[in-house]
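Contents: one structure, followed by commentary.
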Amino acid sequence: MSTGTPNTQHAVDNEIDDLRTGFVPFPADRAETYRQAGYWTDQPLDTLLSEAAARWPQRTAIADAGTSYTFAELDALADRVGAGLTAQGIAPGDRILLQLPNSCRFAVALFGLLRARAVPVMCLTGHRTAELGHFAEVSGAVGMVITDRAGGFDFRDMAGRLVAEHPRLTHILVDGEPGDFRPWSAVTDYAGPLPEPAPVDATLPALLLVSGGTTGLPKLIPRTHNDYRYNAIACAQAYGMTGDDVCLVALPAGHNFPLACPGLLGSMTVGATTVFTDDPSPEAAFALIDKYQVTLTGLVNALAKLWAQACDWEPVLPTSLRVVQVGGSRMMPDEARFIRENLSPGTQQIFGMAEGMLNFTRPGDPIDVVDNVQGRPMSPHDEMRVVDENGIEVAPGEEGELLVRGPYTLNGYYRADEANARSFSPDGFYRSGDRVRIFTEGPRAGYVEVTGRIKDVIHRGGETVSASDLEEHLHTHPKIAAAAAVALPDEYLGEKICAAVVFKGPPITLAELNGFLDERGVSAHTKPDLLAPMPSLPKTAVGKVDKKQIIAALVDK
Ligand code: OOB
């Protein structure tokens, strides 16, 4: 820490230099613009908690099924954990993998790490050795904070395998039975002196998020103190949050959406309570919503749909909800309407990415907007460009790839020069890979519609087929509950089209399905070559449809 002996100071400087390696900062001119606008204040991210503790010490900050903490309690505990982590040898700038189930402990660990000036790598509980090994390797992490067991899985066994392969991982802290490792209680029970947290360069990463990762392994996304603090503050403001709101974190808490959009961090900026649940089933979630009178939550589409359906049979309904944000993947207008009519009139769409840029519909927007488009940018300083395959801007209102830049969008993945060369334009716009159109007229003007992923196409013979176009047709079939169009290798065509379909009842045949598509006027080369009925579509760690897994399952057959 800064107050340490010359030797330890030297070590800290090295750690911070190491953190800087492979980090792409915001360019100075744009940084200055964001400071001038008042978005960036050069304060450490954890000041969100110290400020809340100073303003609303006795309000409940966080709660889960078993415990709750006021802002003052959480702030004091974060100090203690931070000092405990430092005493264990964790230095400012050290990357630490954080993988805990949704609970108060998640928030305690996150803020403890931030107070120790460590940089948490925000893993999801669904990640396993492949992802965690990759995060450890790329980030150069020196430790991890895990739980002993959850959902029938032993995280200590996984840590054992990771440590064997990544010898830099030396600080393994386990919440619960520690096995071969150190108990988390060693830091929560720390009783030594509490030094002032070290000063922070707010232009450096506060934490690393992991990318949605539709191809290959997820990448690491540095979110700076400045940009992430602004993200949380601005998002809570846009939803009109106040200290009377109660936010439910039902998605994996390390994901950007429940973490800061507005989620846990946004709630803190207004003194609102955050409730964690590690069971997102309607039964458990509705009971918690009722108990804490939850007003706001964020859900992926499949979960929102399930909750909406469950309103038909659950005895306790989530009537206190004021805002239900739905996002993470493409939602059809009739799905949006179904969720709005059955789950909550406060349904809103959100199109976000761990890389930064957030678009969402706002409370008060007309129903036509809320049902049909994915939102408008959060910040007046968000810059969007829509380009064709040659990188040339399309005419206003036309479809193309969305490129974004702004006060909370990354400038480069962490330690990923090759990916960065592809993913950023020379003037620093992030190529989102999302196909969008931005409306220019009427009540939807300035709003974005996401029409698909640029690369989510099937190359069949000489034709390029958009998976999302076909999925849109499939979803209109009355017997189809969910569908995904994927490419499977084919000797003659290069790729063939497979429709992976979850039926509401008994399946129909491929011929019947194609007859239906014929009637809708779907072109011959867009119709599926194969129909794969499935009991459910496999999901990613955050609950989005996972096409990689669908393809792997079908190719293995
Ligand atoms: C959120 O973040 P990620 O990083 O897991 O995934 C980002 C990608 C986007 O690039 C886009 O392809 C897709 O997920 N996506 C949507 C969408 N919301 C996200 N595609 C269509 N419609 C939407 N509404 O998913 C995320 C981060 C913060 C808030 C909300 C979602």
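The values are calculated or read from the model by the stated rules, or taken from the named source; none is laboratory data. Fair warning: this is a prediction, and the values are worked out from it, not measured in the lab. Cβ placement follows ideal geometry from the backbone for every residue including glycine, while neighbour counts extend to all protein chains displayed. All accessible areas refer to the heavy atoms of the entire protein, side chains included, with ligands and DNA or RNA removed. Shrake-Rupley method; radii C 1.70, N 1.55, O 1.52, S 1.80 Å.
Just a few scattered comments:
- Screening Met241 with (1) more than 16 Å from the ligand (Cβ to nearest atom); (2) outside any helix (DSSP H, G or I); (3) within 27 Å of Trp40 (Cα to Cα) gives one miss only, at (1).
- Enumeration of residues in region 419-461 that are β-branched (Val, Ile, Thr) and open to solvent by 40 Å² or more (accessible area, probe 1.4 Å): Thr440, Ile454
- Unmet criterion (only one of (1) more than 20 Å from the chain's Cα centre (by Cα); (2) surrounded by fewer than 20 Cβ atoms within 10 Å (Cβ to Cβ); (3) in the same structural domain as Arg337 (by TED's automatic domain parsing)) for Thr464: (3)
- Screening region 1-109 for strands (runs of 3 or more DSSP E) wholly inside it with 2 or more residues that are under 22 Å from Pro195 (Cβ atoms) returns the ranges 95-99.
- Identity of the residue in region 14-25, over 14 Å from Tyr414 (Cβ atoms) and surrounded by 14 or more Cβ atoms within 10 Å (Cβ to Cβ), that ends up modelled with the highest pLDDT: Ile16
A quick yes/no check of all residues on (1) within 22 Å of Asp227 (Cα to Cα); (2) among the hydrophobic types (A, V, I, L, M, F, W, C):
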{"residue": "Asp17", "(1), (2)": "yes, no"}
{"residue": "Arg20", "(1), (2)": "yes, no"}
{"residue": "Val24", "(1), (2)": "yes, yes"}
{"residue": "Gln36", "(1), (2)": "yes, no"}
{"residue": "Ala54", "(1), (2)": "no, yes"}
{"residue": "Leu85", "(1), (2)": "no, yes"}
{"residue": "Gln99", "(1), (2)": "no, no"}
{"residue": "Arg105", "(1), (2)": "no, no"}
{"residue": "Leu110", "(1), (2)": "yes, yes"}
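- Of all residues in region 110-119 being over 10 Å from Ala253 (Cβ atoms) and assigned to a helix (DSSP H, G or I), the one that is farthest from the chain's Cα centre (by Cα): Arg115
- Subset of region 316-351 [surrounded by fewer than 23 Cβ atoms within 10 Å (Cβ to Cβ), more than 13 Å from the ligand (Cβ to nearest atom) and over 20 Å from Ala272 (Cα atoms)]: Val316, Leu317, Asp334, Arg337, Phe338, Arg340, Glu341, Asn342, Pro345
- Residue match in region 508-518 (condition: among the polar types (S, T, N, Q) and part of a loop (DSSP other than H, G, I, E, B)): yes
- Residue among Gly212, Gly254, Gly216 that alone is assigned to a loop (DSSP other than H, G, I, E, B), buried (at least 24 other Cβ atoms within 10 Å of the Cβ) and within 16 Å of the ligand (Cβ to nearest atom): Gly254
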